[in-house]
1. Among residues other than Lys2 whose Cβ falls under 9 Å from its Cβ, what is the net charge (Lys/Arg +1, Asp/Glu -1)?
2. With each label point set 7 Å from Cα along the Cα-Cβ vector, what nm distance links Arg15 and Ile29?
Amino acid sequence: MKKANSLKTLKSRDRNCRVIRRRGRVYVINKVNKRFKARQG
């Protein structure tokens, strides 16, 4: 999992990426391509 400053750029890397807030942290998850995972905060 990447720790990123800007998740907007990671979201645009793949079509299936979703940005989700959990417990005050922002995550990018991708159900189709599991290697696109990131966390902010």
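1. Neighbour charge sum, excluding Lys2 itself: +3.
2. According to this spin-label approximation, the distance is 2.2 nm.
Each value in this text was obtained by applying a stated rule to the coordinates, not by laboratory testing. Here the structure is a predicted model, which is why all the values come from computation and not from measurement. Reconstructed Cβ throughout: ideal geometry from the backbone, glycine too, with neighbour counts over all protein chains shown.
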